[in-house]
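Colleague: This is the structure I want to talk about, given as structure tokens.
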Amino acid sequence: MMKKFAFVVAFVFAAAGYAPVGTAQEAVRTEAGGPGKATAPKAETGTAAGSTDAAGDKAQGTGDVAGPAGAADAAGRTVTSGAAQTSATGAGSAKTAAGRFRITVTVPNVRNDKGTLLISLFGQAEGFPGDAAKAFARKSIPIGNGRATVAFDDVPAGTWAIGILHDENGNLKMDRYGIGIPKEGVGASNNRKILAGPPKFKGASFEVKSDVTKEITLKYF
């Protein structure tokens, strides 16, 4: 029974390519206004985690790593970078435009300070959490004393979800054990359970109608 479960886990993770960010090796990199557009707010609100069944969430999204980008990509999105924007203890200093909001994310349980946290913000199910090219915004942030905090500014009202990978060796992708289970920490908004594969957008999503603060814990296998 355990061998069968391990095989299923390995297959699902391998198929999904859970690697929330694959970007140039910069201390901080953000792309805003990408193909992940905010959807209209749903009737229900709140940030509490939804329920999950005994099997947990199955895989959703494909792709591993998006290549480096220059000052602007083919879609015309502007790329900004610089360690001054975000640190392991500060959420950045950029002001949020009127009618848009800030999402602040704190990760409290990083098992070491090696590498960076790769964090993607998605406004739709397509690509979540593994295809960074389809994220609305994405950042790579340093870790300090097992913690990290980052902010996404100028986020429109809507439904959003966050995927995180602890890229310990800095290779901008998720490393796996021989049977496909992640070697590095992974996490998602609402702290969705990661059992038989990456979480689904529906279970990890939350509504943004004002500034939001999320604490996301990582899962290490």
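Colleague: Can you tell me the length gained on complete extension of the stretch SER210 to ARG147, counting 0.36 nm per residue apart and subtracting the Cα distance?
Modeller: 20.2 nm
Colleague: Under a Cβ-only charge scheme (Lys and Arg +1, Asp and Glu -1), can you give me the dipole magnitude of segment 120-208 about the Cα centre, in debye to the nearest 20?
Modeller: Here the size comes out at about 280 debye.
Colleague: Okay, moving on. Going by how many other Cβ atoms sit within 10 Å of their own, how do ARG102, ARG192 line up, fewest first?
Modeller: ARG102, ARG192
Colleague: Right, here's the next one. Could you give me D for segment 91-163, from Stokes-Einstein at 4 °C and 1.567 mPa s, where the hydrodynamic radius is the Kirkwood radius over C-alpha pairs? Units µm² s⁻¹, please.
Modeller: Rounded, D is 99 µm²/s.
Colleague: Taking H as built 1.01 Å from N, whose amide H comes closer than 5 Å to the amide H of LYS219, not counting residues under 5 places away?
Modeller: VAL186, GLY187
Colleague: Can you work out the Karplus-derived ³J(HN,Hα) for every residue in segment 166-171? Use 6.51 cos²θ - 1.76 cosθ + 1.60 with θ = phi - 60°, whole Hz, and x for glycine or proline.
Modeller: Residue by residue, segment 166-171 yields 8, 7, 5, 9, x, 9 Hz.
Readers should treat all values here as calculations from the given coordinates under stated rules, not as data from a laboratory. Note that this is a predicted model, so its numbers are computed, not measured. Using ideal geometry, Cβ is built from the backbone for each residue, glycine included, and neighbour counts are taken over all protein chains shown.
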